[in-house]
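First up is the structure itself, then whatever we jot down about it.
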Amino acid sequence: MGTYMQKIADIEKEMSKTQKNKATSGHLGLLKAKLAKLRRELLEPTKGGGGAAGVGFDVSKVGDSRVGLVGFPSVGKSTLLNKLTGTFSEVADYEFTTLTCIPGMIRHNGAKIQLLDLPGIIEGAKDGKGRGRQVISTARTCNLILIVLDAMKPLTHKRLIEHELEGFGIRLNKEPPNITVKKKDKGGLNFQTTEKDSLLDQEAVEGILKEYKIYNADVHVRGDYIDEDLIDVLEGNRIYTPAIYVLNKIDSISLEELELLGEMPNYCPVSSHKEWNLDLLLDMLWEKLNLTRVYTKPRGKIPDFGDPVNLKRAGSTVEDFCMHLHKNMAKQMRHALVWGTSSKHRPQKVGKDHVLQDEDVVQIVKKA
């Protein structure tokens, strides 16, 4: 690990000394590609290299979605877990109270949402310091990350945590870049972009691809992206996760300070100790998870509104609904009857490809 860390430090030092301009874009792109490869090798060691996940971090994924609490020590993550789920996680005034991953369950709008209280991370977590590798590895499995910030020093903590998560391949509140790299046997590099003044130019792309030993390829960039976005596509192991910045302990700051912080995007001010604003946090959590609730209707009976099927993405179809109930149901289905906003009339007779919307009611009609 020491060799990797020294190489990473050397590259970061060289990058800090290099001026950012058009003439140095290719060189900086090459350095960033080298840095990304070193971090991957550091965080994903070869077999036999050790690095077990650690006690308590191998938590089974249960429920409809998984949400992780990430933050520095003593910012109130454990209290938040206790208040939202009723699960006990030790709370104290000293740092590193939580030494393992504590799971709890939130029941909201008919969904079961697993909430994980992760141990506090420290600066350098992305490089394996403390239990950072285990904490952030678990965060990569979450459908949503709640970054818990201390209201007394929120912006400092925010920048540091984002830096640690970025270094581990987690991209917060971002969509995957619309960049395609198609390798070919000959012909060199064919670079095309939809932007007139693209931050990604031919020289930078060539330098990055060369580091990945790609000399012949068609590269299409559809949008305004930078060299890090191309590296993310080439690495292929990035996680694009929604996040909410939970500003905790607002009872310790003034109203004027709170109003200044109100311009921060994707943030929710709370006091977990005094249970202030937890309802708003749950509503934001629900919106970010983007679950689609679908109610089942047995033939000749009223729909079961108490136990919806929660599909994990927008654009879910009747086939996804069937697969959630039973893997063979889609094969046995003749058609489905749908009531709700996705239907043109009520009920509408539909097939497997019909796209469902939130709170639709579905009755499956099986083959004779």
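The values are calculated or read from the model by the stated rules, or taken from the named source; none is laboratory data. Only a predicted model underlies this, so the values are computations on that prediction, with no experimental measurement involved. Neighbour counts are summed over all protein chains in view; Cβ atoms, including those assigned to glycine, are modelled from backbone coordinates with ideal geometry. These area figures cover heavy atoms from the full protein model, side chains too; ligands, DNA and RNA do not enter into them. Shrake-Rupley method; radii C 1.70, N 1.55, O 1.52, S 1.80 Å.
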Would you confirm, using the coordinates I've provided, whether I113 is over 16 Å from the mean Cα position of the chain (by Cα) and either hydrophobic (A, V, I, L, M, F, W, C) or under 18 Å from R39 (Cβ atoms) (or both)? no
When (1) free of Cβ contacts under 8 Å to residues at least 12 places away in the same chain; (2) polar (S, T, N, Q); (3) buried (at least 16 other Cβ atoms within 10 Å of the Cβ) are applied to Q357, the one that fails is (1)
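Within the range 91-119, can you find the residues that are over 30 Å from Y295 (Cα atoms), in a loop (DSSP other than H, G, I, E, B) and either touching a Cys at 6+ places or on another chain (Cβ under 6 Å) or modelled with pLDDT of 90 or more (or both)? Walk me through how you get there before you give the answer.
The initial filter retains those residues of the range 91-119 that are over 30 Å from Y295 (Cα atoms), namely 91-102, 117-119.
Right, trim to in a loop (DSSP other than H, G, I, E, B) and you get 91-101, 118-119.
Correct list: L118 only.
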State which residue is farthest from G236 (Cα to Cα) when the search covers only the range 120-150 and only residues that are modelled with pLDDT under 95, open to solvent by less than 10 Å² (accessible area, probe 1.4 Å) and over 16 Å from the mean Cα position of the chain (by Cα). I121
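Table: residues versus (1) out of contact with any Leu (no Cβ under 9 Å at 6 or more places or on another chain); (2) assigned to a helix (DSSP H, G or I); (3) without any contact (Cβ under 8 Å) to a residue 60 or more places away in the chain; (4) acidic (D, E).
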position	(1), (2), (3), (4)
M152	yes, no, no, no
K158	no, yes, no, no
E162	no, yes, yes, yes
R171	no, no, no, no
K174	yes, no, no, no
Among all residue pairs at least 6 apart or on different chains, which show Cβ distances below 7 Å where the first residue, located in the range 324-342, is over 17 Å from P303 (Cβ atoms) and the second is open to solvent by less than 60 Å² (accessible area, probe 1.4 Å) and part of a loop (DSSP other than H, G, I, E, B)? H335/G351
Matching option when the condition is of a type in the set (D, E, K, R) and within 28 Å of L261 (Cβ to Cβ), among D197, D150: D150
Whether any residue in the range 14-21 is open to solvent by 90 Å² or more (accessible area, probe 1.4 Å), of a type outside the set (A, V, I, L, M) and at pLDDT below 85 is what I want to check. yes
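When the range 307-339 is examined, which residues are found to be hydrophobic (A, V, I, L, M, F, W, C) and either farther than 18 Å from Y295 by Cβ or touching a His at 6+ places or on another chain (Cβ under 9 Å) (or both)?
First, pick out the residues of the range 307-339 that are hydrophobic (A, V, I, L, M, F, W, C): 309, 311, 314, 318, 321-323, 325, 329-330, 333, 336-339.
Result: V309, L311, V318, A330, A336, V338.
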So Q134 ticks every box in (1) over 30 Å from S252 (Cα atoms); (2) free of Cβ contacts under 8 Å to residues at least 40 places away in the same chain but one. Which box is left unticked? (2)
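Filter the range 13-29 down to residues that are in contact (Cβ under 8 Å) with a residue 24 or more places away in the chain and either hydrophobic (A, V, I, L, M, F, W, C) or more than 14 Å from E203 (Cα to Cα) (or both), then give me how many there are.
Kept after step one, since they are in contact (Cβ under 8 Å) with a residue 24 or more places away in the chain, are these residues of the range 13-29: 22, 25-29.
Then drop every residue that is not either hydrophobic (A, V, I, L, M, F, W, C) or more than 14 Å from E203 (Cα to Cα) (or both), which leaves 28.
Number of matching residues: 1.
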When (1) more than 29 Å from N173 (Cα to Cα); (2) modelled with pLDDT of 95 or more; (3) under 27 Å from the mean Cα position of the chain (by Cα) are applied to L325, the one that fails is (2)
Checking D227 against (1) within 30 Å of L42 (Cα to Cα); (2) at pLDDT 95 or above; (3) open to solvent by less than 40 Å² (accessible area, probe 1.4 Å): exactly one of these is not met. Which one? (2)
Of the conditions (1) modelled with pLDDT of 95 or more; (2) among the charged types (D, E, K, R); (3) surrounded by 15 or more Cβ atoms within 10 Å (Cβ to Cβ), K183 satisfies every one except a single condition; which number is it? (3)
Taking the range 319-354, which residues are open to solvent by 40 Å² or more (accessible area, probe 1.4 Å) and closer than 30 Å to Y240 by Cβ? E319, D320, M323, H324, L325, K327, T341, K352, D353
Are any residues in the range 28-44 at pLDDT 85 or above and either open to solvent by 70 Å² or more (accessible area, probe 1.4 Å) or charged (D, E, K, R) (or both), and if so, which ones? K32, K34, K37
